[in-house]
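Below: one structure, written as structure tokens.
The values are calculated or read from the model by the stated rules, or taken from the named source; none is laboratory data. The structure displayed is predicted, hence computed values, not measured ones. Every residue, glycine among them, receives a Cβ derived from its backbone with ideal geometry; neighbour counts consider all protein chains shown. Just so you know, the surface numbers come from the protein's heavy atoms only, side chains and all, with ligands and any DNA or RNA stripped out. Shrake-Rupley method; radii C 1.70, N 1.55, O 1.52, S 1.80 Å.
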Amino acid sequence: EVCADHRADNMTTATLRFSWTSSGHWDVVVAPSASTSVEVDLVSLPHYCRFAGFFNATTPPAGAEFSLSAHASSTLLTLLRTDLLGGWRDAVLLRCFAADPRPGDAAAFRPVLAVREPVEVARGIDGRSTAMVQYDAGIGLGAVCDYARLQIWFAEFVPSPAWIKVCSGPETWTTRQCPMRHLRTDAEYQVKVELLCGGATPKAADSKITRFFTRPGCAWSSSSGDKEQFLCKDGFLCNATNDTTCCSTRGGREQCTDSAPVMCANATACSNRRDFCCAASTEACAPLGGARPCLDRELPAKPPRILAVVPKGPAGLSIAWVAQEYLSGQDTKSVFTKWGVELARVNGTKPLVYNFRRECQFLPRDSPPACDIVGLDEMQEYHVRIDERCTDETRTSLYAHWGSAVRTLPYPATAPTNVFCQNFTQLADYAGFKVNTSWLKGLPGNCSFAAFEVEVQLAPQSASLTQYASEAGSWTLGCRSTNRSILVCPISGLMANRLYSIRVKEKCGDPNADSPYSQLGSCRVPVAPAAPPKSLRVPADGTWTFASGSYTISAGALSISSTGQVLRVNTTGTDRISVAFDSGVRFAQIVGDKMTWSDGAVWSYSKQLYQFQVQWDAGDPWGCIFSSWAVQAKEEGSGAWASFPRFSCTTAQRSSTSCSIYVGQSGRKYDIRVRETCTNSSLTSPWADWSNVAGAFSNTRLPTPAAGASGVGVTFPSPFTMSVSWQVGVPGECAFSSWSVELRPECGASCTPSQLQWYNVSLCASLARVARPFVTAQQCDIPMQSLSVTSSLNYSVRVTETCLDPNAWSTPALKASAFLIKPSFG
């Protein structure tokens, strides 16, 4: 039943339960309504209903949109018009379905919202504002957005905003606006209007965000931040509990206490009828003209922003700040006249007393001002506040306070003077030089003395014919004196013949009171000889001889390198090694001077003959300009050191700390010494002599002796000649000297002592090792008349190959009973 006043319309009535048609849907007609939303009884539980148009409307309104919200487990449904306010004049036709005919992507629908910039509509007594946000839902909402609802959020515009929900529910559709209360004045906010569709878990959401600024407020619009203290116009906080008139001599009350935050409008109702009253609420101000309003013509300048307050020299501060404008751009019409920079020294628990600083007042407003304040008390803490002052004093800004007190710096000690060096001493073990540095102390200032510190820096050195160029060293601590009366301390480890810079400073308990460095002093260290070499080493050195090829050998402690057919071995011993050949890896066992391979091959090891390798580490050159390394050797226990070229070696590169000494002797032990020689012989290092160190010697090995003669025979080619022949063996490491052919009778016990001695046939000593090339036979023809022999005796013959090195002689080849001297020869 439809009435003239649609609020009196009854709910639609339907038939009793009925049978479904083959199409599986039914229509429900909803009467005209003046309300934006109504409840409808659908008679039966549908799966889905949608707006199907207006029933019997002659001119259906274009673009009408509705959102349908089904009630859980009920035949009731809420019909909500979303495109207009005020309901609908023609009956609405709803079509309901037993099955959902919508496409599967309906949940992805995101309609367009329109949000207008919020407008501030009120400013509260606490200095906070109320703003109103207005919005429109847009078009295309009703087609697929069931259970449509809006949520409105706001937050300050900061990097991590804390969003606060302020409006939600059906009323958001009927009012199309949402108030946001308790906003800070002169702040930037953001507003988010969010549309949700679907059930408890939103199927789709669309949101629009807009930003806005709140307007500035007056000083009294907010309270002082303290429950018991007024803020007076001169910036002083006074206790209202003990004296409610405490602001009377300070320009009056600027802000009320937090316990009574509302300033009432009557300007002469309190403080002996000379000031505004403060109340706990707006209602309490009713007898006093209500709350004091904040009018645009009373808006003050915005407080400046202090950028930095830092100490400036002793007993001074440097302050930087910048003028501020209200975010909303509102012009307060105030006229700048000067800056009010005020300082208050912390004095225990006593109240702060701020003093105006004239040196900062007339700095320009347009560029960020900066001001240096001097003449304060040193080592004291100061609070800083600044306001912007205007020709109309009522427009002067509130104070901007720097967050914490800043401590001024002390007066530092003055720099030491008269720095110089004296008494150079060369340290033991060639560890450099020590020098005593002295100075005169300066004035202490506010310094609590800790120490004098002396720093040293190696000066650069220019290149010349006798020295290399070098850069300057870094400043390092040379020594410290912890007694202010002791003005001298030693610096150790200085290099000979080098120039050093010296500086001194006084260190204090407070680093800000440290003195500057003294003027540079300089020290020229005397010339000193080079330090002797260190760590003499005489490694075993020899060769492994094997077939041609280039191989890489690794053998535990062995250090072996391959070049052509020779492997250099730095350590001897017993080890198992592997060699990587082209055909694979083979293994060998080293025992003594033999290397036996897995395939049975044997390589022999031989140490260098008549020479040895000497290695050492360079000492510190100090003032020496290098000339050469000198190395000498002598037989162990002998008194004299040999000179070049025998038993010595030299090397002309300072980085080359090894050389070989040829001694030409085998089976001997040798002492060794090394020194660094300089272009200036007075700087040549002492000898590093290891002759008295146990085991610090080198030895030369015995040579491989000659194999000697074999097949010794004696013939008589004529009655007057005896011929001794033999086969020549391999030479080994023998440097051939001569053949020794000797005779001795075999007379046994009847021999005289002289007959028992071997008789050398000197004639054979002149023979060459072999008679001619490629012939291994040799013989010596001896005239019988040159021999001193006895008849009727048998004689033995022996042949020995002698060498320049007696240790290489062959074993004599003996021919016993080689011949008999018959009596007829006598």
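Quick notes
- Highest-first arrangement of 622-631, 412-421, where packing means the average Cβ count within 10 Å: 622-631, 412-421
- When the residues 333, 507 are ordered by accessible surface, computed with a 1.4 Å probe over the protein chains alone, the sequence from largest down reads 333, 507.
- For segment 381-517, convex hull volume per residue from C-alpha positions, Å³: 197
- Sorting 260-268, 783-791 by their mean Cβ neighbour count within 10 Å, with the most densely packed peptide first, gives 260-268, 783-791.
- Accessible area ranking (1.4 Å probe, heavy atoms, ligands and nucleic acids excluded), largest first, for 804, 499, 196: 804, 499, 196.
- Cα-based Rg of segment 185-297 normalised by 2.2 N^0.38 Å, two decimals: 1.56
- Size descriptors for segment 671-771: radius of gyration and Dmax over Cα atoms are 25.5, 78 Å.
- Each residue of segment 25-32 was assigned a 3J(HN,Hα) from its phi angle through the Karplus expression (A = 6.51, B = -1.76, C = 1.60, θ = phi - 60°), giving 9, 9, 10, 10, 9, 10, 5, x Hz with x at Gly and Pro.
- On segment 723-826, 55 percent of the accessible area sits on carbon and sulfur atoms, based on a 1.4 Å probe.
- Structure note, pairs 227/333; 233/333; 505/534; 534/669; 350/505; 312/350: Cα-Cα distances above 29 angstrom occur for 227/333; 505/534; 350/505.
- Span per principal axis, largest first, for the Cα atoms of segment 228-267 (Å): 20, 20, 15
- Exposure of residue 3 as accessible area (Å², to 10), given a probe of 1.4 Å and all protein chains: 40
- For segment 471-523, the calculated P(r), taken from all Cα-Cα distances in 10 Å bins from zero up to the bin holding the longest distance, is 19, 51, 25, 5 percent.
- Close amide-amide hydrogen proximity is noted between residue 627 and 677, 678, 679, each under 5 Å apart and 5 or more residues distant or on a separate chain (H modeled in the peptide plane; Pro and chain starts excluded).
- Share of carbon and sulfur in the accessible area of segment 339-454 stands at 51%, probe radius 1.4 Å.
- Considered as an equivalent ellipsoid built on the Cα gyration tensor, segment 733-826 has semi-axes of 27, 16, 11 Å, the largest given first.
- Peptides 385-396, 303-314 ranked from most to least packed by the mean count of surrounding Cβ atoms within 10 Å: 385-396, 303-314.
- The heavy atoms of residue 228 offer some 90 square angstrom of accessible surface to a 1.4 angstrom probe.
- Mean projected area of the Cα convex hull of segment 207-360, taken over all directions, amounts to 13.6 nm².
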